[in-house]
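Report on the structure given below.
The values are calculated or read from the model by the stated rules, or taken from the named source; none is laboratory data. Since this is a predicted model, take the numbers as computed values, not measurements. FYI the Cβ positions are ideal-geometry reconstructions off the backbone, even for glycines, and counts take in every protein chain you see. Side chains included, ligands, DNA and RNA excluded: accessible areas come from the protein's heavy atoms. Shrake-Rupley method; radii C 1.70, N 1.55, O 1.52, S 1.80 Å.
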Amino acid sequence: MGRASPDLTPSRALRIGAPKRPALARAILLACALLSPPLAVAALSAPAAPARMVVEAREMVQDDRTNTVSARGAVHIYYKGKALTADEVIYDRKTARVFARGHAKLVEPDGRTTYADRFELTDDLKQGFVDSVSVETTDKTYFSSPRGERNGPISVFDYGTYTACEPCRDAQRPPLWRVRAKRVIHDADEKTIYYENASLEFLGVPVAWVPFFSAPDPTVKRRSGLLSPNFVYKSELGYGAGAPLYWAVAPNMDLTVTPYALTKQTFLGEVEWKHRLETGVYSFRAYATPQSNPSVFATPPWGAGNRRFRGAFMTTGEFALSDKWKFGWDATLLTDRYFLQDYRLSNPLLNDYYFREASSTVYLTGQSERSWFDLRGYFFQGLSPRDYTPQTPIAAMLDYNRRFPLRPESTAGIGGELQIDVNVTQSKADAAQYESIQPRTFDSVFGLYNVCQSYMPSLNPAQSQCLLRGVGGDYLRASAQASWRRTFIDPLGQTWTPFAFARGSASYLDYNSSQTFGVFNAAGQPLSNSYQRLFVGSDGVARGSFLPGVGVEYRYPFFARLGFGSLTFEPIVQFVARPGPSIGSRPPTNIDSQSLVFDDTSLFEWSKFSGYDRFETGGRLNYGGQATLNFNGGGFLNVMAGQSLQIFGQNGYATPDAANVGLSSGLDKRRSDYVTRVAFAPNGMLSFIAKARFDVDTLRPKRIDLIAGATFGALTANVQYANYASQPLIGFDMRRQGLAFNARYDVTKNWFVNGSMQFDMSRHLYNTINYGTFYGTAPLFSVAGLGVGAGYHDECTDFSVSYASVYQYNASTGTPGRNQTILMKLNLRTLGEAKVGANLGFVPVNDGVKQSQ
């Protein structure tokens, strides 16, 4: 290591180094030693001076004749957070300029790196010129230019390029995309990049040109300005484009206004507001259009062709009231039920063809280590032409759960855990909702069924051809349950879990039997809520029930070590005893317990009904077992089977309510159907799950679910098959059967293709129906949905194109067909995203039943 000496001889050049040593010689100079001689002497005599520059090099040369100081060989200069490296660095004392050449690189304090053949900089390394420059930022973005200029925070690149793509190994090969401009100006203080006379190139080929534009640099996460445009096409809207204008109002709030120009409807406005506060965040999105051509849409009740002004308002929010309590909402309000379907723009909900209702909720939740509270209100708006607004309820619900651990020493040896569950539900709907069965007729307008509108009081609702799906009137129910359980393990390893519970429920229904809605049946009789008395009895009567129960669950796991793995076998037996059917009368309605699936997941539930309106009664024995084989090399096989037996009392699943829930469930006989499950994953590439329910008498399968997944290198695929036997007592006249595939293949590291297909394998069963109008003949594999796509992804670009074809019924004609859409997305990292979506129209097909009008 050598250090510049203060008593240098001015008449000769000085070399500092150790040329005979093969190791790197370091020279550490004070900053002022590279400046002017008077300051150099002052700096050397005062080593505590703050302006220090550290230089590392193989050789240092001071030439008094040219008044220069040179550093040669693997030069590293460190000054005020900057690092300059080169093969040679020369400091000219006369001009106070620093020249660096040969593999030159300058690293800024923020990590930004500039490469060049030659640097010409001021002595503070802030200003100067750069030849054959390339800059790499910390966000992996790249600038290049044959000549650049630095002036403090401003860098100017003449005939420069900008890209977020990594440089290719082949220097002659252009990146996937780049912006080429006559001048590229980067203002580090403003954090903005300006482009003059710029063009966008893909693989070196210009595809777009603008005279001037600017964009935030990659360090900026949000900036006011114009965002990438959106493009749309639909036959009723025409061609359209939207230009989002983004305003960063403050660090915690922003506003986006997007005006759309549409060739057939003139204008659509979209406004989105987001605001983050200290305790939470809220946002809203609004759409509005004064339609110039509303007649292109279907007329009521099949469309909104009579409306001039249409729109939507959506809002979400959530705030933390404390570390345990949250308050929030998620609401959607519409001028009409068809707006979301007619204007499929940037909101993801607008592109969901299976989205059939707009749901709004406001909630208050609280959660601690052992308790949970949830209070919610709901408002629904149907989106189908067959939705009848008076049948859509407004509901409120309260749920509360609390667990109490019991210590044996403080509870007379009882121990275990005590749990409290409370639910209160209130709903209000003006009209009842019915569904016809045996046979099930297709929907007429507003979802009202002729067979259900002409009920006479003498009909027996248990043998009727109509189900009550939704109650008309004001309904209130409160349920509470206290339960206790404790697990014991005996010396043999057997597990015993005794439990006890008590459940109480009270309800009140006022269905206003005199109210009518201006809708008449075929006989000219007005529809009213009075028909509900066939299902729920008298109006304005409070009802209640109380149901205690006790039981025990037994498990005895056996373990065996095998040569190829380990085996665990576990028999399970559960006994539950309750009065039958109950003390008092059961609740008169069933609103929240209409979904009942008997399978392996519900076999050992105390009550297999969902919700709170229904509950098991009598004595029931649930029994089964499972075996799991774990392989030494990874993978497993799990097999489970079981059955449920009604021992005494009335079987609640065989007792129909207004919706016939429980019938045809596999539980409505004394001995239930058999439920099974097989899960097999031999390795990380394959998985298979099979679940089935078999008839207890014939062993015929009543319900089959098969799911398989595979990953072979670049190919990932999944297949799902379902086959459910007909259940005419609850509205399913025909067997339901379907098959679905989806797959993705990574063609290369960056390119991929994907696809999905869903088959409705039940449609062909309607080929011989004797009601409704049938179009053509449906094959066994009727396509219900089809999607294909391809895309590209790398560090700077995301591109995808997708096509979807969905089987639907035309709202205005009722005829079946395929709704086709195509969507293209292009995202250039740091520049923005562009979307182009088009509705290719509705194509009628002759393979389905026409929906009645």
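Condition check ((1) among the small types (G, A, S); (2) within 21 Å of A86 (Cα to Cα); (3) in contact with a strand residue (DSSP E or B) (Cβ under 7 Å, 6 or more places away or on another chain); (4) touching a residue at least 12 places away in the same chain (Cβ under 8 Å)) across all residues:
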| site | (1), (2), (3), (4) |
| --- | --- |
| T113 | no, yes, yes, yes |
| D123 | no, yes, yes, yes |
| V130 | no, yes, yes, yes |
| T137 | no, yes, no, yes |
| G148 | yes, yes, yes, yes |
| Y162 | no, no, yes, yes |
| R173 | no, no, no, no |
| K182 | no, no, yes, yes |
| V205 | no, no, no, no |
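Search the stretch 465-492 for residues being part of a strand (DSSP E or B) and among the hydroxyl-bearing types (S, T, Y), and hand back the single one that is farthest from the chain's Cα centre (by Cα). Give the derivation first.
Within the stretch 465-492, the subset part of a strand (DSSP E or B) is 466-470, 473-485, 488-489.
Imposing the further condition that a residue be among the hydroxyl-bearing types (S, T, Y) reduces the set to 475, 479, 483.
Numbers: Y475: 34, S479: 34, S483: 36 Å.
Step by step, filter the stretch 465-492, then rank; the result is S483.
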Inset, instruction - Please state which one of G814, G772 is buried (at least 17 other Cβ atoms within 10 Å of the Cβ) and modelled with pLDDT under 80. - result: G814
Inset, instruction - Report, by residue number, each residue of the stretch 561-575 that is over 40 Å from the mean Cα position of the chain (by Cα) and modelled with pLDDT of 95 or more. - result: F575
Inset, instruction - Select from the stretch 202-221 the residues that are closer than 11 Å to K191 by Cβ and either open to solvent by 70 Å² or more (accessible area, probe 1.4 Å) or assigned to a loop (DSSP other than H, G, I, E, B) (or both) and list them in ascending order. - result: D217, P218, T219, V220, K221
Inset, instruction - Name the strands (runs of 3 or more DSSP E) wholly inside the stretch 54-150 in which the number of residues that are more than 30 Å from C165 (Cβ to Cβ) is 2 or more. - result: 54-56, 59-63, 68-79, 82-92, 97-107
Inset, instruction - Please work out which one of (1) more than 30 Å from A708 (Cβ to Cβ); (2) surrounded by 21 or more Cβ atoms within 10 Å (Cβ to Cβ) is the condition L645 fails and give its number. - result: (2)
Legend entry - Yes/no for D657 being more than 34 Å from the chain's Cα centre (by Cα) and either open to solvent by less than 40 Å² (accessible area, probe 1.4 Å) or hydrophobic (A, V, I, L, M, F, W, C) (or both): yes
Inset, instruction - Would you confirm whether any residue within the stretch 606-614 is buried (at least 19 other Cβ atoms within 10 Å of the Cβ), touching a strand residue (DSSP E or B) at 6+ places or on another chain (Cβ under 7 Å) and modelled with pLDDT of 95 or more? - result: no
Inset, instruction - State yes or no: is L237 closer than 27 Å to F309 by Cα, touching a strand residue (DSSP E or B) at 6+ places or on another chain (Cβ under 6 Å), crowded, with 18+ Cβ neighbours inside 10 Å and touching a residue at least 12 places away in the same chain (Cβ under 8 Å)? - result: yes
Legend entry - In the stretch 407-429, the residues that are within 24 Å of Y363 (Cα to Cα), touching a Pro at 6+ places or on another chain (Cβ under 9 Å) and not aliphatic (A, V, I, L, M): S427, K428
Inset, instruction - Answer with yes or no whether L645 is in contact (Cβ under 8 Å) with a residue 24 or more places away in the chain, part of a strand (DSSP E or B) and farther than 28 Å from N683 by Cβ. - result: yes
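Can you pull out the residues in the stretch 273-303 that are in contact with a Gly (Cβ under 8 Å, 6 or more places away or on another chain), open to solvent by less than 40 Å² (accessible area, probe 1.4 Å) and either of a type outside the set (V, I, T) or part of a loop (DSSP other than H, G, I, E, B) (or both)?
Correct list: G280, S283, A286, Y287, A288, P294, F297, A298.
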Legend entry - Options E149, E108, E59: the member that is farther than 25 Å from R183 by Cβ and touching a Gly at 6+ places or on another chain (Cβ under 8 Å): E59
Legend entry - Residue, nearest to R763 (Cα to Cα), within the stretch 698-738, restricted to residues that are hydroxyl-bearing (S, T, Y) and buried (at least 17 other Cβ atoms within 10 Å of the Cβ): Y724
Inset, instruction - Provide a single number: the residues in the stretch 249-270 that are open to solvent by less than 50 Å² (accessible area, probe 1.4 Å) and farther than 30 Å from W325 by Cα. - result: 8
Inset, instruction - Note down all Cβ pairs under 6 Å where the first residue falls in the stretch 324-341 and is open to solvent by 70 Å² or more (accessible area, probe 1.4 Å), the second is among the small types (G, A, S), and they're at least six residues apart or on different chains. - result: K324/G366; K324/S368; W325/G366; K326/A320
Inset, instruction - Note down all Cβ pairs under 9 Å where the first residue falls in the stretch 469-491 and is at positive phi, the second is open to solvent by 40 Å² or more (accessible area, probe 1.4 Å), and they're at least six residues apart or on different chains. - result: G473/K428; G473/D430; G473/D510; G473/N512; G473/S513; G473/Q515; G473/D539
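Does the stretch 351-359 contain at least one residue that is in contact with a strand residue (DSSP E or B) (Cβ under 6 Å, 6 or more places away or on another chain), more than 19 Å from S235 (Cα to Cα), at pLDDT below 95 and surrounded by 15 or more Cβ atoms within 10 Å (Cβ to Cβ)?
yes
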Inset, instruction - Out of the residues in the stretch 545-559 that are of a type outside the set (V, I, T) and within 18 Å of T495 (Cα to Cα), state the one that is most open to solvent (accessible area, probe 1.4 Å). - result: F559
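So, A784, is that one modelled with pLDDT of 85 or more, over 20 Å from A838 (Cβ atoms) and within 35 Å of the chain's Cα centre (by Cα) or not? Outline the logic, then answer.
On the way: modelled with pLDDT of 85 or more: yes; over 20 Å from A838 (Cβ atoms): yes; within 35 Å of the chain's Cα centre (by Cα): yes.
Yes, satisfied.
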Inset, instruction - For K749, indicate whether it is of a type in the set (K, R) and part of a loop (DSSP other than H, G, I, E, B). - result: yes
Inset, instruction - Scan the stretch 167-188 and give yes if some residue there is surrounded by fewer than 15 Cβ atoms within 10 Å (Cβ to Cβ) and within 33 Å of the chain's Cα centre (by Cα), otherwise no. - result: no
